[in-house]
2 protein chains.
Amino acid sequence: MAATIKDIALRAGVSVSTVSRVISNHPRISPQTAKKVRAIMQELNYHPNLTAKSLVSKSTKTLGILLPKQADVLLLNPFFTEAMRGIVSYSTRAGYDLLMIGPPSNGEELEAVIRIVRGKRVDGILILHSRVNDPVIAYLQKDGFPHVLIGRSEEYPSTLTVDTDNVAAAYDATHCLIRQGHRKIGFVSGPPNLVVSRDRLEGYRKAIREAKLPERDEWIVEGDFLQESGFRAMSFLMGLPDRPTALLVTDDIITFGIVRGLTELGYRVPDDLSLFSFNNISLAELANPPISSVDIGIFQLGYTATHLLIADVEGRSVADRRQIIPHRLLIRGSSAPLNPRVKG
Amino acid sequence: MAATIKDIALRAGVSVSTVSRVISNHPRISPQTAKKVRAIMQELNYHPNLTAKSLVSKSTKTLGILLPKQADVLLLNPFFTEAMRGIVSYSTRAGYDLLMIGPPSNGEELEAVIRIVRGKRVDGILILHSRVNDPVIAYLQKDGFPHVLIGRSEEYPSTLTVDTDNVAAAYDATHCLIRQGHRKIGFVSGPPNLVVSRDRLEGYRKAIREAKLPERDEWIVEGDFLQESGFRAMSFLMGLPDRPTALLVTDDIITFGIVRGLTELGYRVPDDLSLFSFNNISLAELANPPISSVDIGIFQLGYTATHLLIADVEGRSVADRRQIIPHRLLIRGSSAPLNPRVKG
DNA sequence: CTGAAAGCGCTTACAG
DNA sequence: CTGAAAGCGCTTACAG
């Protein structure tokens, strides 16, 4: 059996209280005692039982990452990986472990969150995507359980969040296409229940309106963050009698699907259709043509979110509860000045 | 305060033992009692403290995933994500949570493993990459702690493993290039301390020898699973006075780097260099040209590994402790019959 | 079928 | 500076 604090105490001829204090570097322990106890800990190869520790200290030094119901879709997207990198990077540094919270086979995310939160398995929760009217956020907010959101919450302005200014980002990208001479610009959105989808749509609309360009409902298509969605959006849009010459696309993965579909149909990018998308995943630059994309600093989003959450968990006051990570446009080959041949 | 088992017992007028038995569906509890207790649990919105439960039951219903020291590199690769999808898929179904084990800032992976294992935070450990002489495996093996390896262990044949037959896979892919008329075939390997790198090198060598083709040490290059490595390998190989006409590459990500470099230098794939790689990540098919790749069933590797580990953890006997997931070649545009212009 | 009691391995007032 | 004791929220023989 592995040595416990009791074994150490016995062997060292002190009480378990003393051993516990040595472990936690309590200030009022004599150097000699500490030294002796530490030597025995070494000798017996002692490692504390973290479960027992958590039970009494009410702290787990663990953060939960909520996986969405369709974990598959999220996990397929480099966004997840990149955010994870940022999260792991900070949490490791801060001495926190990470627990993935997968929703039960055919249950809701909220169930899993309740089980973990009430089960005292984590000190705080990271939410990677903000949905409109998210019951998980409502629950955590009501319960007062520490959590941070990558995204934005409309209903709970006091929620700790790290986000891109998606309205501005979409506005900027759209504006870039407008400056290139495009007048018929479409928008391929993500799932409409995500806040990010709404914000980007708003930014897109704002730019179109300001430039007094035509607004056409059929130029706005919704989908998932999957290549298939891009393929479908492309099929629909290119089949329109009056079709756009440029597209703002909400995710690079969707753009890949669009490019692929266009290529299969014999169209060319950007000659037949200019594309500008979001996320700037590493393959965007390597695609053919390279994809123009808004870099939203995904690693930074994850890193900062973790930073904020841990500060909150540890009771340090967080001055700015709604942080914005700056974005930047990377203009590449997939977007180009309007091709005169196509011009309306 | 959240309700505990004690509150339920008090309110229901039974002992805590009885409540505990109701929770765990103990057979010898009267239906009436069970019903009453359950009603109160509902009423008080009771959820068990999982930490307390773990402490006494000595089971956490949690699996640990070991992140390598350079978590960055692993996380950048779609291999990780895809394996995670398989892992999450099975573990969720089986009711297990997942704890990411990140190595301490500048410490070794083994430290983190010991802390988690001895700290009783998980019931078993998943290792995503097998290194030669891996101290982590040595530790877990000696300790008798349940673990499974995606890969192969040379030192501990009794380790639970799920692997590709990498020797055969590399042999098959090399042979495919040979059949296409290539006689000068190079190999771009991953880190040499990984078992997978050695196995694939062996398969490559076997095919070359059998076909009595020239073996040249400078046609074998090592690198990391990064695009930069591909770029560097490409620079080196294309600068050789006598250079290969085809390359077997150990990872799609590396291949992307190679293709990118070749394109920048004005070379064309497959005309100037045929490429065949491993993993068949989803973007391999979409690249230009589409990348020929060995599909090793990464999702399946993760799924099966989790399945085996949980069986082991729960004491069910695992008949085949070293499982092989079949691979298949996907021959696409990046590999083509030797271009006569380049020949000899 | 049910309860009293001991115990899992820790931490932390309290007292000295 | 150190120890005895109580307790964190559960489970599980043991006895009835």
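Tabulated data
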| quantity | calculated |
| --- | --- |
| Residue in the range B:37-59 that is within 16 Å of DNA strand C (Cβ to nearest atom), facing chain A (nearest Cβ under 9 Å), of a type outside the set (Phe, Trp, Tyr) and in contact with an Asp or Glu (Cβ under 8 Å, 6 or more places away or on another chain) present | no |
| B:Arg85 vs. criteria basic (Lys, Arg), within 10 Å of chain A (Cβ to nearest Cβ) and open to solvent by 10 Å² or more (accessible area, probe 1.4 Å) | yes |
| Only listed residue being in a loop (DSSP other than H, G, I, E, B) and open to solvent by 30 Å² or more (accessible area, probe 1.4 Å), chosen from B:Arg28, B:Arg11 | B:Arg28 |
| Top-ranked residue of the range B:49-69 - restricted to ones that are part of a loop (DSSP other than H, G, I, E, B), open to solvent by less than 60 Å² (accessible area, probe 1.4 Å) and under 24 Å from A:Val88 (Cα atoms), ranked as nearest to DNA strand D (Cβ to nearest atom) | B:Thr60 |
| Tally, over the range A:31-48, of residues that are open to solvent by less than 60 Å² (accessible area, probe 1.4 Å) and of a type outside the set (Val, Ile, Thr) | 7 |
| Qualifying position, being of a type in the set (Ser, Thr, Tyr) and surrounded by 24 or more Cβ atoms within 10 Å (Cβ to Cβ), among A:Ser235, A:Ser229 | A:Ser229 |
| Cβ-Cβ under 9 Å pairs, at least 6 apart or on other chains, the range B:1-21 side without any contact (Cβ under 8 Å) to a residue 24 or more places away in the chain, far side charged (D, E, K, R) and open to solvent by 70 Å² or more (accessible area, probe 1.4 Å) | B:Gly13/B:Lys36; B:Val14/B:Lys36; B:Val16/B:Lys6; B:Val19/B:Lys6; B:Arg21/B:Arg28 |
| Members of the range A:206-228 that are charged (D, E, K, R) and either outside any helix (DSSP H, G or I) or touching a strand residue (DSSP E or B) at 6+ places or on another chain (Cβ under 8 Å) (or both) | A:Lys212, A:Glu215, A:Arg216, A:Glu222, A:Asp224 |
| Qualifying residues in the range B:99-108 (those that are open to solvent by less than 10 Å² (accessible area, probe 1.4 Å) and touching a strand residue (DSSP E or B) at 6+ places or on another chain (Cβ under 8 Å)) - the one farthest from the other protein chains (Cβ to nearest Cβ) | B:Ile101 |
| Hey, A:Val162 farther than 17 Å from A:Asp252 by Cα, of a type in the set (A, V, I, L, M) and outside any helix (DSSP H, G or I) or not | yes |
| Which numbered condition B:Asp7 misses (of (1) within 13 Å of chain A (Cβ to nearest Cβ); (2) within 16 Å of DNA strand D (Cβ to nearest atom); (3) acidic (Asp, Glu)) | (1) |
| Among the residues listed as A:Val122, A:Val113, the single one being more than 7 Å from every other protein chain (Cβ to nearest Cβ), at pLDDT 90 or above and part of a loop (DSSP other than H, G, I, E, B) | A:Val122 |
| Per-region count, the range B:10-48, residues basic (Lys, Arg) and within 7 Å of DNA strand D (Cβ to nearest atom) | 1 |
| A:Gly95 closer than 30 Å to B:Gly86 by Cα, within 16 Å of DNA strand C (Cβ to nearest atom), at pLDDT below 95 and at the interface with chain B (Cβ under 9 Å from one of its Cβ atoms) | yes |
| Qualifying positions in the range A:208-229 - of a type in the set (A, V, I, L, M, F, W, C) and either over 26 Å from the mean Cα position of the chain (by Cα) or within 14 Å of chain B (Cβ to nearest Cβ) (or both) | A:Ile208, A:Ala211, A:Leu213, A:Trp219, A:Phe225, A:Leu226 |
| Flag for A:Thr60 being within 27 Å of A:His147 (Cα to Cα), out of contact with any strand residue (DSSP E or B) (no Cβ under 6 Å at 6 or more places or on another chain) and without any contact (Cβ under 8 Å) to a residue 12 or more places away in the chain | no |
| Flag for B:Pro104 being under 16 Å from the mean Cα position of the chain (by Cα), in a loop (DSSP other than H, G, I, E, B) and either of a type in the set (Asp, Glu) or not assigned by TED's automatic domain parsing to the domain that holds B:Ile23 (or both) | no |
| Some residue of the range B:79-91 being near DNA strand C (Cβ under 10 Å from one of its atoms), of a type in the set (Gly, Ala, Ser), part of a helix (DSSP H, G or I) and not assigned by TED's automatic domain parsing to the domain that holds B:Asp252 | no |
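Each row is one residue, and each column tells you yes or no for (1) over 21 Å from A:Pro191 (Cα atoms); (2) surrounded by 18 or more Cβ atoms within 10 Å (Cβ to Cβ).
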| position | (1), (2) |
| --- | --- |
| A:Gly266 | yes, no |
| A:Ser274 | yes, yes |
| A:Leu283 | yes, yes |
| A:Asn288 | yes, no |
| A:Ile291 | yes, yes |
| A:Leu301 | no, yes |
| A:Arg322 | yes, no |
| A:Ile331 | yes, no |
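The values are calculated or read from the model by the stated rules, or taken from the named source; none is laboratory data. Just so it is clear, the structure is predicted and the values come from calculations on it, not from any experiment. Ideal geometry is used to build each Cβ from the backbone, glycine not excepted, and the neighbour counts take in all protein chains shown. For accessibility, only protein heavy atoms count, side chains too; no ligands or nucleic acids. Shrake-Rupley method; radii C 1.70, N 1.55, O 1.52, S 1.80 Å.
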